[in-house]
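Notes follow the structure.
The values are calculated or read from the model by the stated rules, or taken from the named source; none is laboratory data. This is a predicted model, so every value here is computed, not measured. Note that each Cβ is placed from the backbone with ideal geometry, even for glycine, and that neighbours are counted across all protein chains shown.
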Amino acid sequence: MRYSSKQQIADVLGRRFPAAESAGFRFEPISGLSSESWRVSAPGFDGLARPQSASGRLSGVDRQREFHLLRQMAAAGLAPRPLLWEKGWLIVEWVPGRVATAAEFSALLNNGELARYLAVIHQRPRCGYPLTLPPLFALYWQRMDAGRRSPALLRLHQHFQRQAPPKPLAVAPLHLDVHAENLLLTGEKIMLIDWEYAADGDIALELAFIARANQLDAATQRRFLQRYRQQRPGFSLADLQRQTERWLPWVDYLVLMWHEIRWRQTRQDKFLRALAPLRRQLGLNE
């Protein structure tokens, strides 16, 4: 970590938590797909510092938006509590617990616990930050590596620019990055972390993201949607299934373009490797 960044975090925290500053902060790096964060601890203080980086902003991350959304969700006990947003740093409380394993996440999908938690989130008031996909796609198109814009990809991009998104079943706050590594087991309950892509949108868009991100087969997806429906009344299982299917191509294209942006930003092979199956899923075989 650059000294300037470490000092900046210490300065930001020191103004709000002078007692912790006098005892001395300890920094521990926490890495993720989209950005680097830092656990910052001192006697009587334990937090997570998340930067508003230029690369993060290019891929749609807005820490100020995340701060306001976390305040709403934390008030209901659904997310970590944000402590402050200042000088490009979002500071969030460190929640004791551990990240779910793939097996534990699968069990929570099947037993209805994840569906129950999501249904509570999806019945909260809107956060005030609507997700509008066509403008986001246009932004990603501009920012991807121009050398990877094939004729087939251009046709697909134009399709999603012309096509209206599915009419929502219900608009609610969405997390939009639900997978095992973002699910915290606290001993008493589960809690989603990393709310950097959260926004208001159709509940079925969230369900489609979960189906794709976790590669749910038809039986598992149906079982999950049935559990969700039991917690979120007002929709038939057939309604949820149809709407989830309508959103799947939009999810595929959004995830593809996100990986294109991350490839251009980082040149890391993991993003390039992830792009191959995404392109095949969308019929981009050239």
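Key figures
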| quantity | calculated |
| --- | --- |
| Selection within the range 78-99 - assigned to a loop (DSSP other than H, G, I, E, B), in contact (Cβ under 8 Å) with a residue 24 or more places away in the chain and within 22 Å of L185 (Cβ to Cβ) | L78, A79, P80, W94, V95, P96, G97 |
| Pair list, Cβ under 7 Å, 6 or more apart: the range 268-286 residue touching a residue at least 12 places away in the same chain (Cβ under 8 Å) and exposed (fewer than 15 other Cβ atoms within 10 Å of the Cβ), other residue among the aliphatic types (A, V, I, L, M) and assigned to a helix (DSSP H, G or I) | E286/A152 |
| Test for E86: is it modelled with pLDDT under 95 and surrounded by 14 or more Cβ atoms within 10 Å (Cβ to Cβ) | yes |
| Members of the range 29-42 found to be surrounded by fewer than 16 Cβ atoms within 10 Å (Cβ to Cβ) and modelled with pLDDT under 90, listed by number | P29, I30, S31, G32, E36 |
